[in-house]
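Please read the structure below before turning to the comments.
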Amino acid sequence: MKKSIITKKSLSFLESYLNNASPTGFEAEGQKMWLKYIKPYIDDYYVDNYGSVVGIINPKAKYKVVIEAHADEISWFVHYITKEGFIYLRRNGGSDHQIAPSKRVNIHTKKGIVTAVFGWPAIHTRKGVETPPKQNNIFLDCGADTKEEVEKMGIHVGCVVTYPDEFIIMNKTKFVGRALDNRIGGFMIAEVARLLFENKDKLPFGLYITNAVQEEVGLRGAQMIAEYIKPDVAIVTDVCHDTQTPMLKKIEQGDLKGGAGPVLTYGPAVQNNLLDLIIKSADKNKIPFQRAAVSRATGTDTDAFAYSNAGVPSALISLPLRYMHTTVEMAHKDDVENCIKLIYQSLKSIKNNQDFRYFT
């Protein structure tokens, strides 16, 4: 039986990290938790003005390689409070209105967490044509009867709202919870740092282990931190769709399967020579992988790094994920381990001052 590279200690960190709320624009507590975990494995670190965190190995090296994930999760903002005390919301990132009815939420206030629920009319009262949940008809009920009562709880327009659903492991092989997109990526790059430290690997370049904020609203954190680091190479990790579940069309979404390995993306932002290095690393180390293609942008922080600083050779290693942007996102444990292995082995294949120019 093969030995897992995910230890009890790292699994405990993953559980705590995923259970902690880290909504877009309010990632600080999760970032502090992540930094505390990687500190023993790095030489230095940097935190920017908006909360992106970079752990650095070999900070004096001139050649800079980034491995990156994003730290934020989707959420809601309080937008409007009725005189009867019902609360309407705006999205913070790509929150799915269709999963909201009957869900419990946490409203984050200066006075602490206030518990509320997404209310929905009982089935007995819905006659004729069903009205589906939409952003303009879903609402929160925090148990108050008036707007004034809501405000006394510390709730105001702009308060952020998150789901409390916590991490579980199903059938010993499936990681399930909210915000695997993409704090599982933050976990994976942290594990790469741990492996480099424990295996006493000496890299011939500076490694910038980057957990960026605000990806869910337009790759904003990556845009900012790329300008600070000015990397020579960037390997980004994020999630993609496991397309084996009902209601997904493989002809549109591709044929990707959880448990079959990390997904390597082909597309304009992905630099072909760097992608070839990653594929060779996978083949050499017998790491299974899958392929995907994108028409224009990858939709991930890869785009932000690739088109920064006059062009940075960048590549994307994705984790197949079921039920993205719900509270029951699901990933296969084997894929998580193989993503860690692939990033780790790819780093070991990069030479100091390696030239990834398209052609010479």
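Looking only at strands (runs of 3 or more DSSP E) that lie completely in region 222-293, which have at least 1 residues being assigned by TED's automatic domain parsing to the domain that holds residue 314 and within 15 Å of residue 311 (Cα to Cα)? Give the steps one after another, and end with the answer.
On the way: elements: 233-241, 263-266, 290-293.
Ranges flagged: 233-241.
For region 294-317, give me the residue count where each residue is under 20 Å from the mean Cα position of the chain (by Cα) and in contact (Cβ under 8 Å) with a residue 24 or more places away in the chain.
14
Please list, ordered by first then second residue, the pairs with beta carbon atoms under 6 Å, 6 or more apart or interchain, first in region 35-54 and assigned by TED's automatic domain parsing to the domain that holds residue 202 and free of Cβ contacts under 8 Å to residues at least 24 places away in the same chain, second surrounded by fewer than 22 Cβ atoms within 10 Å (Cβ to Cβ) and of a type in the set (D, E, K, R).
So the pair list comes out empty.
Can you tell me which residue in region 80-98 is nearest to residue 149 (Cα to Cα), limited to those that are under 25 Å from the mean Cα position of the chain (by Cα) and surrounded by fewer than 17 Cβ atoms within 10 Å (Cβ to Cβ)?
So the first thing to find is which residues in region 80-98 are under 25 Å from the mean Cα position of the chain (by Cα), and the list is 89-98.
If we keep only those that are surrounded by fewer than 17 Cβ atoms within 10 Å (Cβ to Cβ) too, we end up with 90, 94, 96, 98.
Working: 90: 21, 94: 30, 96: 28, 98: 28 Å.
By that ranking, first place goes to 90.
For region 57-79, name all the residues that are surrounded by 17 or more Cβ atoms within 10 Å (Cβ to Cβ) and of a type outside the set (A, V, I, L, M, F, W, C).
The answer is 58, 63, 64, 68, 70, 72, 73, 75.
For region 208-220, does any single residue satisfy the condition of being out of contact with any helix residue (DSSP H, G or I) (no Cβ under 9 Å at 6 or more places or on another chain) and of a type in the set (Phe, Trp, Tyr)?
Checked region 208-220: no residue is out of contact with any helix residue (DSSP H, G or I) (no Cβ under 9 Å at 6 or more places or on another chain) and of a type in the set (Phe, Trp, Tyr).
Condition first: more than 30 Å from residue 206 (Cβ to Cβ), in a strand (DSSP E or B) and among the small types (Gly, Ala, Ser). Now tell me which residues in region 59-90 satisfy that. Steps first, answer last, please.
Filtering region 59-90 for residues more than 30 Å from residue 206 (Cβ to Cβ) gives 74-90.
Add one more test, that the residue is in a strand (DSSP E or B), and what stays is 75-81, 86-90.
Matches in region 59-90: 75 only.
Criterion first (of a type in the set (A, V, I, L, M, F, W, C) and not in a loop (DSSP other than H, G, I, E, B)) does residue 13 satisfy it? I'd like the intermediate steps shown before the answer.
Working: of a type in the set (A, V, I, L, M, F, W, C): yes; not in a loop (DSSP other than H, G, I, E, B): yes.
So residue 13 passes the test.
Which residue, of 260, 331, is touching a strand residue (DSSP E or B) at 6+ places or on another chain (Cβ under 7 Å), closer than 29 Å to residue 100 by Cα and either buried (at least 24 other Cβ atoms within 10 Å of the Cβ) or modelled with pLDDT of 95 or more (or both)?
331
Scanning region 16-49 for residues that are part of a helix (DSSP H, G or I) and of a type in the set (S, T, N, Q), which turns out farthest from residue 191 (Cα to Cα)?
Per the stated criteria, the residue is 19.
Of the residues 340, 278, which is touching an Asp or Glu at 6+ places or on another chain (Cβ under 6 Å) and modelled with pLDDT of 95 or more?
Details: 278 fails: touching an Asp or Glu at 6+ places or on another chain (Cβ under 6 Å).
Just one listed residue meets the conditions, 340.
Residues of region 298-323 being out of contact with any Ser or Thr (no Cβ under 7 Å at 6 or more places or on another chain) and within 17 Å of residue 214 (Cα to Cα), which ones?
Correct list: 299, 300, 301, 303, 304, 308.
State which residue is farthest from residue 337 (Cα to Cα) when the search covers only region 148-168 and only residues that are of a type in the set (A, V, I, L, M, F, W, C) and in contact (Cβ under 8 Å) with a residue 60 or more places away in the chain.
Of the residues in region 148-168, the ones of a type in the set (A, V, I, L, M, F, W, C) are 150, 153, 155, 157, 159-161, 167-168.
Next, only the ones that are in contact (Cβ under 8 Å) with a residue 60 or more places away in the chain stay: 150, 155, 157, 159-161, 167.
Details: 150: 45, 155: 41, 157: 41, 159: 36, 160: 33, 161: 32, 167: 17 Å.
Top of the filtered list is 150.
Checking the structure you have, find out if any residue of region 145-153 is assigned by TED's automatic domain parsing to the domain that holds residue 298, at pLDDT 95 or above and surrounded by 19 or more Cβ atoms within 10 Å (Cβ to Cβ). Spell out the reasoning first.
So in region 145-153, the residues assigned by TED's automatic domain parsing to the domain that holds residue 298 come out as none.
There is no residue in region 145-153 that is assigned by TED's automatic domain parsing to the domain that holds residue 298, at pLDDT 95 or above and surrounded by 19 or more Cβ atoms within 10 Å (Cβ to Cβ).
The values are calculated or read from the model by the stated rules, or taken from the named source; none is laboratory data. Worth saying up front: this structure is predicted, and the values here are computed from it rather than measured. Every residue, glycine among them, receives a Cβ derived from its backbone with ideal geometry; neighbour counts consider all protein chains shown.
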